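The values are calculated or read from the model by the stated rules, or taken from the named source; none is laboratory data. Quick caveat: nothing in here was measured; it's all calculated off a predicted structure. Methodologically, a virtual Cβ is constructed for each residue, glycine included, from the backbone with ideal geometry; neighbour enumeration extends over all protein chains shown. All accessible areas refer to the heavy atoms of the entire protein, side chains included, with ligands and DNA or RNA removed. Shrake-Rupley method; radii C 1.70, N 1.55, O 1.52, S 1.80 Å.
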Amino acid sequence: MHGRTHERQIVADPAAAQSAARWRARDLEVLWHPCTQMREHPDILPLVPIERGDGAWLLGYDGRRYLDGVSSWWTNLHGHAEPRIAEAIARQARTLEQVILAGFSHAPAVELAERLLALAPRQAGRAPLARVFYADNGSAGVEVALKMAFHWFRNRGEPGRTKFVALENGYHGETLGALAVGDIPLYRRIYAPLLAEALFAPSPDAYLAAPGESAEACALRAADALADLFDRHPGEICALILEPRLQCAGGMRMHHPAYLRRVRELCDANGVFLIADEIATGFGRTGTMFACEQATLAGPGGQEGCVAPDLLCLSKGLTGGFLPLAAVLTTQSIYDGFLDDSRERAFLHSHSYTGNPLACAAALASLDIFGSDDVLVRNRATAARMAALAAPLAGHRHVADVRQAGMVVAFELTRDGARDTPFDAASRVGLHAYRAALARGVLLRPLGDVLYWMPPYCIDEAQLQLLASVTAEAIEEATACA
Ligand code: PMP
């Protein structure tokens, strides 16, 4: 099934174009799309009705195929319509599609929890993550982690610990709690009056390094600022939340793993929980199963290990990109803090579809593929090809930075290739690049003026070459009119 698509005609036929136009018109009568100024549809912002997915391709009603360079909002891992995951969902749907998870249980939820805990980052000398709480999307997972951290201190008789620390340029979702710890003005500013106050620490972002400063020194400088912030708020902070290694929505900004090591120490020294939001970075995206693993840390006896958080948020790729599901992994000690005779001390948070069996079955099938297809090893080769194909663009006159973390490569576009000469926002270079790439059959979805590759792991050599050549052309076209 995956092979056949490659022979598909790229040139659209008139009947297909009409079919696409009909779907577009019907859509625009009834739908309200996410993250979109609807007024821009369809003239400024094209609207592409998709009929099918197949591996790294999205197949349009217009008879054209589009290479999914962003894994459909960073969710897809092994390819669209991956038959093994599709089959696992179908099998589960014929068996048990949904059951209330309060007072009831089911095998996929239990098995998935067991497997996630076995896979989770492990810090030598530290109690492992031992419990799984499910939710049904990334933002909901973040809400769960924030509420758990806050509630744990209440239960413990420390009601003064009400504040969250988050990082500048971080992103954790769109619900009000998640927005409160996010720092992307475009999403946050309008709702600011509604948001709980959070404390923001400088980002360890290596792109912000001073001239001549290494990524590690930049990260440690940010950690020093965090230490100061902790000092100024003794006994007030319940948790720090961050995206380890890679701030995705913030423009695919990357930081040195030394930051996470220092953060772990600082959180421990200050009695603050560390929440790792690996909703986007989890499941192999940055080269290791979880980004936390890159912050290696030897145990007290010299044992190997890495930084482990107190709460780990997972979603997006958790189901291979098939169904919405989130999991929050926590320590036994956090779990124990809710055991009591009082219902109010229990964690009563719930969503109707918590731990949905179909989503859990998809996640189990996705984890099977990691094993059977040796995905992490294969990704190393793919990431090396991505690096080689991206390298020539580093010299482009409008490219200020090319950076990579595993299966993510980002290109920072600026007016003259220097970091301090951003394009005027009004020139909308990112939008022009998006349209230029789409016209050539590639879905790139720039974040501001940052173009990035975040493809499904099954992307092949020919597709990688298409991605690279179209990116180069899109940069040319978009910057020519800026
Ligand atoms: N955290 C991170 C790091 C994310 O990238 C996202 C989604 N882009 C979220 C949380 C929110 O996930 P969702 O869109 O499923 O609510």
Problem set entry | Tail beyond 34 Å, pair distance distribution of the stretch 90-372 (Cα, percent) | 17
Problem set entry | the chain, helix-only ellipticity at 222 nm - DSSP H runs n ≥ 4, -39,500 (n - 2.57), divided by all residues, nearest 500 | -11000 deg cm²/dmol
Problem set entry | Karplus-derived 3J(HN,Hα), 6.51/-1.76/1.60, for each residue of the stretch 144-151, Hz, glycine and proline x | 4, 5, 5, 5, 4, 4, 4, 5
For this session: List the residues whose amide H sits under 5 Å from the amide H of N169, counting only those 5 or more places along or on another chain, with H placed 1.01 Å from N in the peptide plane.
Result: D183
For this session: Sort out for me the Cα centre separation of the stretch 386-461 from the stretch 76-147, rounded to whole Å.
Result: 33
For this session: Express as a percent, rounded to the nearest 5, the fraction of DSSP beta bridges in the chain (both residues included) that run antiparallel.
Result: 65
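Not counting the cut sites, what is the longest span of the chain without chymotrypsin sites (Phe, Trp or Tyr not before Pro) that DSSP labels loop and that have at most 12 other Cβ atoms within 10 Å?
On the way: sites that count: W32, F104.
Longest gap between qualifying sites, sites excluded: 105-482.
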Exercise. Of the accessible area of the stretch 90-372, with the probe set at 1.4 angstrom, what percent is carbon plus sulfur?
Worked result: 55
For this session: Search the structure for amide H atoms under 5 Å from the amide H of R122, placed 1.01 Å from N in the peptide plane, and list their residues when 5 or more places away or on another chain.
Result: C306
Exercise. If the convex hull of the alpha-carbon atoms of the stretch 371-470 is projected onto planes in all directions, what is the mean projected area in square nanometres?
Worked result: 6.5
For this session: Provide the convex hull volume over Cα atoms per residue for the chain, in Å³.
Result: 162
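For the stretch 99-173, report the % of Cα-Cα distances exceeding 18 Å.
Values: 1693 of 2775 pairs.
So the portion of pairs separated by more than 18 Å is 61 percent.
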For this session: Go through E111, E236, E29 and list them by solvent-accessible area, largest first, probe radius 1.4 Å.
Result: E29, E111, E236
Problem set entry | Rounded to whole Å, sorted largest first: equivalent-ellipsoid semi-axes of the stretch 172-239, Cα gyration tensor | 26, 17, 8
Problem set entry | Neighbourhood charge, 15 Å Cβ-Cβ cut-off, centred on V408 and excluding it, Lys, Arg +1 and Asp, Glu -1 | +2
For this session: Can you check how the C-alpha radius of gyration of the stretch 149-286 compares to 2.2 N^0.38 Å, as a plain ratio?
Result: 1.03
Exercise. To the nearest 10 square angstrom, how much accessible area does L348 have with a 1.4 angstrom probe?
Worked result: 100
Seminar exercise, completed: Regression test value, accessible area per residue of the chain, probe 1.4 Å, units Å², expected 43
Seminar exercise, completed: Judged on accessible area alone, 1.4 Å probe, highest first, R440, R161, R188 line up as R440, R188, R161
For this session: With all protein chains present, calculate the accessible area of D340 using a 1.4 Å probe and round the result to the nearest 10 Å².
Result: 80
Exercise. Accessible surface of D228 in the full protein assembly, 1.4 angstrom probe, to the nearest 10 Å²?
Worked result: 80
For this session: For the stretch 116-129, just list the computed ³J(HN,Hα) in residue order, Karplus coefficients 6.51, -1.76 and 1.60, θ = phi - 60°, integers in Hz, with x standing in for Gly and Pro.
Result: 5, 5, 5, 8, 4, x, 10, 9, 4, x, 10, 4, x, 5
For this session: Compute the signed sum of charges (Lys and Arg +1, Asp and Glu -1) over the other residues within less than 13 Å, Cβ to Cβ, of E461.
Result: +1
